[in-house]
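The values are calculated or read from the model by the stated rules, or taken from the named source; none is laboratory data. Source: prediction; values computed, not measured. Reconstructed Cβ throughout: ideal geometry from the backbone, glycine too, with neighbour counts over all protein chains shown.
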Amino acid sequence: MQTARQLSVRLVNKPGLLAALLVALNKEKVSFRALSVMDSGDHGTLRFVPEDEANLKTTEEVLKKNSLRFETADVLLVEVPGQSGAFRNTVERLAAEHLNIDYAYCSFNGLGKAKGGVMAVIKVNDLSKAQRILSENGSTSRRKPGRRPVHAR
């Protein structure tokens, strides 16, 4: 598990704007670890995690040059094994400790540990607590024995 900086950009939902931004980023050789685009009516939200710190800085420069406002956030990058229920187990561990997940999305480019797994990008309300919880027992897919998720009754 790692942490990373994620950028969020709101774009008008109009043909070609996303493509134009991705072309501008590609010209600067920016690469991503994860990317998500979500529609919300007139606008869409592009969220992405640049490959490294150099790509983050270059991305910020490209966005500023194109007069695009953006927000940054610290997110967790969690390796999710390629097995049924693995992401659910991760989410249950966070819920059991009363952590809220603001949003999550996945990338098929894993962190290199789990064969056939994916990398989940997770925005939580308490990053350091989430890191501690998911690091316990050296596994991101096992819950603490005896603890039930908050939603279970």
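Observations, loosely collected:
- Selection from the stretch 21-48 of residues that are small (Gly, Ala, Ser), surrounded by 12 or more Cβ atoms within 10 Å (Cβ to Cβ) and over 20 Å from Ala73 (Cα atoms): Ala24
Quick grid of which residues meet (1) assigned by TED's automatic domain parsing to the domain that holds Ile122; (2) within 25 Å of Arg132 (Cα to Cα); (3) touching a helix residue (DSSP H, G or I) at 6+ places or on another chain (Cβ under 7 Å):
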| site | (1), (2), (3) |
| --- | --- |
| Leu11 | no, no, yes |
| Leu21 | no, no, no |
| Ala24 | no, no, yes |
| Phe32 | no, no, no |
| Asp42 | no, no, no |
| Thr59 | no, no, yes |
| Asn66 | no, no, yes |
| Phe70 | no, no, yes |
| Pro81 | yes, yes, no |
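- Considering the conditions (1) among the aliphatic types (A, V, I, L, M); (2) modelled with pLDDT of 95 or more; (3) surrounded by 20 or more Cβ atoms within 10 Å (Cβ to Cβ), Ile101 is excluded by exactly one of them, (3).
- Under the condition of being at pLDDT below 95, closer than 20 Å to Thr3 by Cβ and not aliphatic (A, V, I, L, M), the residues counted in the stretch 58-80 number 1.
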